[in-house]
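Enquirer: The structure follows.
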Amino acid sequence: MDKKYKYLYIVSVLMLLTGAALAMTRHIVFDIIYTLGALGYTLYYVLAPLKERSHLIRRVTRMGAFSGLLFLLSAIARFGVFDAYGRNAWLLFLALGLVYMCYGNVLLYFSERKSKK
């Protein structure tokens with residue numbers, strides 16, 4: 001998306017994946033890393049300017065912001081807020097966020113591939 005914030009995106013996704021992968025340890029540090037990654041991922045899409053962008057880019061940006069909100073809900077659930085619905089409720093929000101994230105990235109890949117032809 002925006003070249004200015006590409007390192008924010010990369011670091012945030014790495015923190016998000018690291019925190020999710022190390023969730024088995026149930027250590028508070030990995031919950032904080034996961035939360036910071038979700039916050040950075042959401043900020044990336046909130047800060048991305050939408051003016052003078054194509055319809056597809058704006059749609060992918062909205063999908064990214066929504067997946068970021070799902071990741072934030074997942075991070076909140078990691079701290080036990082939604083324990084009434086099950087101890088692993090955060091996995092549901094993570095899975096939904098990953099679906100939106102992957103779908104948006106696939107759309108971008110195919111649009112770039114189509115524009116190169």
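Enquirer: Give me the accessible area per residue for the chain, probe 1.4 Å, as a whole number in Å².
Expert: Values: 7610 Å² over 117 residues.
Counting only protein heavy atoms, the per-residue value for the chain is 65 Å².
Enquirer: Another question, if that's okay. For the chain, with the dipole built from +1 on Lys and Arg beta-carbon atoms and -1 on Asp and Glu ones, taken about the Cα centre, which of ALA38, LEU98, LEU56 lies farthest toward the positive end?
Expert: Farthest towards the positive end: LEU56.
Enquirer: So I have [x] 15.1, 52; [y] 13.5, 39; [z] 15.8, 58, and one of them is Rg and Dmax of the Cα atoms in Å calculated from this model. Which one is it?
Expert: [x]
Enquirer: Additional query: Which of the trypsin sites (Lys or Arg not before Pro) found in region 1-68 are loop residues per DSSP with 16 or fewer other Cβ atoms within 10 Å of their Cβ?
Expert: ARG26, LYS51, ARG53
Enquirer: Next up: Considering only PHE82, PHE110, SER12, whose Cα is most displaced toward the positive end of the charge dipole of the chain, charges sitting on Cβ of Lys, Arg (+1) and Asp, Glu (-1)?
Expert: Checking the options against the dipole of the chain, the answer is PHE110.
Enquirer: At a threshold of 8 angstrom on Cα-Cα distance, excluding pairs fewer than six apart, so keeping six or more, what relative contact order does region 2-117 reach in percent?
Expert: Relative contact order for region 2-117 comes out at 22 percent.
Enquirer: By how many nm would the segment from ARG58 to TYR103 lengthen if fully extended, with 0.36 nm per residue of separation less the alpha-carbon distance?
Expert: Details: separation 45, 0.36 × 45 = 16.20 nm, distance 1.39 nm.
Between ARG58 and TYR103, full extension yields 14.8 nm more.
Enquirer: Enumerate the residues in region 4-25 having an amide nitrogen under 18 Å from the point lying 7 Å beyond the Cα of PHE79 toward its Cβ.
Expert: Residues 16, 19-20, 23 fall inside that zone.
Enquirer: Give me the number: length gained by fully extending THR25 to LYS6, i.e. 0.36 nm times residue separation minus the C-alpha to C-alpha distance, one decimal in nm.
Expert: Values: separation 19, 0.36 × 19 = 6.84 nm, distance 2.98 nm.
Taking 0.36 nm per residue and subtracting the Cα distance, the gain is 3.9 nm.
Enquirer: Which value in deg cm²/dmol, rounded to the nearest 500, describes the helix-derived mean residue ellipticity at 222 nm for the chain, given -39,500 (n - 2.57) per DSSP H run of n ≥ 4 and division by the residue count?
Expert: Estimated from H runs of four or more residues: -26000 deg cm²/dmol.
The values are calculated or read from the model by the stated rules, or taken from the named source; none is laboratory data. Everything quoted here is computed from the prediction, not taken from an experiment. FYI the Cβ positions are ideal-geometry reconstructions off the backbone, even for glycines, and counts take in every protein chain you see. Side chains included, ligands, DNA and RNA excluded: accessible areas come from the protein's heavy atoms. Shrake-Rupley method; radii C 1.70, N 1.55, O 1.52, S 1.80 Å.
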